[in-house]
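Asker: Could you have a look at this structure, given as structure tokens, before my questions?
The values are calculated or read from the model by the stated rules, or taken from the named source; none is laboratory data. Owing to the predicted nature of the structure, the values given are computational and were not obtained by experimental measurement. Glycine gets a Cβ as well: all are built from the backbone with ideal geometry, and neighbour counts include every protein chain shown. Surface areas here come from the heavy atoms of the whole protein model, side chains and all, with no ligands, DNA or RNA. Shrake-Rupley method; radii C 1.70, N 1.55, O 1.52, S 1.80 Å.
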Amino acid sequence: MRLIFYLCLLFMMSSCFGSFSEGEMYFRQAKYEKAVSEFSKALFLNVTDVKSRHLRARSYEELEEYENALEDYKTIIRFEPNYAQAYAGIGKLYWKQEDYKNAEKYLLLAANQDGEDFEIIYLLGRAMLMNGNNKSADEFLQIAKEMNPKDSRVYFYQGMARSQIGDILGAAGSFNMCLKYDPDNLTAKYNRGLIRLLIGYSDWAMEDFDDILKANPNHIEALARRGSAKLDINDPSGCKDLKEAAEKGSLYAQMNIERCE
């Protein structure tokens, strides 16, 4: 009888106190409310269990309960000041709330703890770009590129950063590589077209704008720039493009329509 009593007691305790593996299973299944419940039970027994607290914070994120997630991340840092993913988690929370200054601050702290994590370095570069720290953004995106040289996103944002610091040829190279790995990225193609137009490769620029307009005939600015590119290579149909774009509201076309007079 005593054995049965202890078995029943053990069963009752196991139902009251959760486990990391159960919570992780719910998290992987995207059952975030159940994951939070399971991790909360586990943390009742062991408040310093940073793995359970980290995945509970992630579950809170998915449920958009950002204050609870932030509290968990800050608690992790109190227990383990070198836990890079907690700093990164806080940075990502601020990113989601479009607070890019605090996002950069905490992602930089995360990078100081773990400079080998691609997502941390990549997001840090993007946060710097959002804050206008373009040279630093270029440098960190270069590091991210070396970690994952086939990720088109890195080349795209590095192209944007290089455009801002006046490295036009470097930006063109970045957009080229972006399009190598993501040929359907119309924004990268548009920006490459702008650079080609700027440096005098008007026939290549026209090809970029042609591709954009095939995919999106309502892209007024691509139409306007194609008009200029055509005129640069003495194609008179460029005037038709400029006039149409000007009528549809393109300021660039309106400023350049005099080329057709």
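Asker: When you look at Asp138, is it surrounded by fewer than 20 Cβ atoms within 10 Å (Cβ to Cβ), touching a residue at least 12 places away in the same chain (Cβ under 8 Å) and among the acidic types (Asp, Glu), yes or no?
Answerer: It is false that Asp138 is surrounded by fewer than 20 Cβ atoms within 10 Å (Cβ to Cβ), touching a residue at least 12 places away in the same chain (Cβ under 8 Å) and among the acidic types (Asp, Glu).
Asker: Checking the condition touching a residue at least 24 places away in the same chain (Cβ under 8 Å) and under 32 Å from the mean Cα position of the chain (by Cα), which residue from Arg196, Arg259 passes?
Answerer: The unique qualifying residue is Arg196.
Asker: Here's something else I'd like to know. Considering only residues that are in a loop (DSSP other than H, G, I, E, B) and under 15 Å from the mean Cα position of the chain (by Cα), look in segment 141-152 and name the one that is surrounded by the fewest Cβ atoms within 10 Å (Cβ to Cβ).
Answerer: Per the criteria, the residue is Asn148.
Asker: A further question on this structure: Go through segment 153-171 and report how many residues are open to solvent by less than 20 Å² (accessible area, probe 1.4 Å) and among the small types (Gly, Ala, Ser).
Answerer: 4
Asker: Now, a different point. Those residues that are more than 21 Å from Ala84 (Cα to Cα), charged (D, E, K, R) and surrounded by 15 or more Cβ atoms within 10 Å (Cβ to Cβ), I need them from segment 29-64; list them, please.
Answerer: Lys31, Lys34, Glu38, Lys41
Asker: Next question, about the same structure. Could you check segment 177-261 for helices (runs of 4 or more DSSP H) lying wholly inside it with 2 or more residues that are touching a helix residue (DSSP H, G or I) at 6+ places or on another chain (Cβ under 6 Å), open to solvent by less than 20 Å² (accessible area, probe 1.4 Å) and on the phi > 0 side of the Ramachandran plot?
Answerer: Counting at least 2 such residues, we get no helices (runs of 4 or more DSSP H) at all.
Asker: Within segment 73-122, which residues are in a loop (DSSP other than H, G, I, E, B), charged (D, E, K, R) and either at positive phi or surrounded by fewer than 18 Cβ atoms within 10 Å (Cβ to Cβ) (or both)?
Answerer: Glu80, Glu98, Asp99, Asp114, Glu116 - these are the residues of segment 73-122 that are in a loop (DSSP other than H, G, I, E, B), charged (D, E, K, R) and either at positive phi or surrounded by fewer than 18 Cβ atoms within 10 Å (Cβ to Cβ) (or both).
Listed here are the residues, each with its yes/no results for (1) over 23 Å from Asp117 (Cβ atoms); (2) at pLDDT 90 or above.
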| residue | (1), (2) |
| --- | --- |
| Met13 | yes, no |
| Phe17 | yes, no |
| Val36 | yes, yes |
| Leu45 | yes, no |
| Leu55 | no, yes |
| Glu61 | no, yes |
| Glu65 | yes, yes |
| Asn68 | yes, yes |
| Thr75 | no, yes |
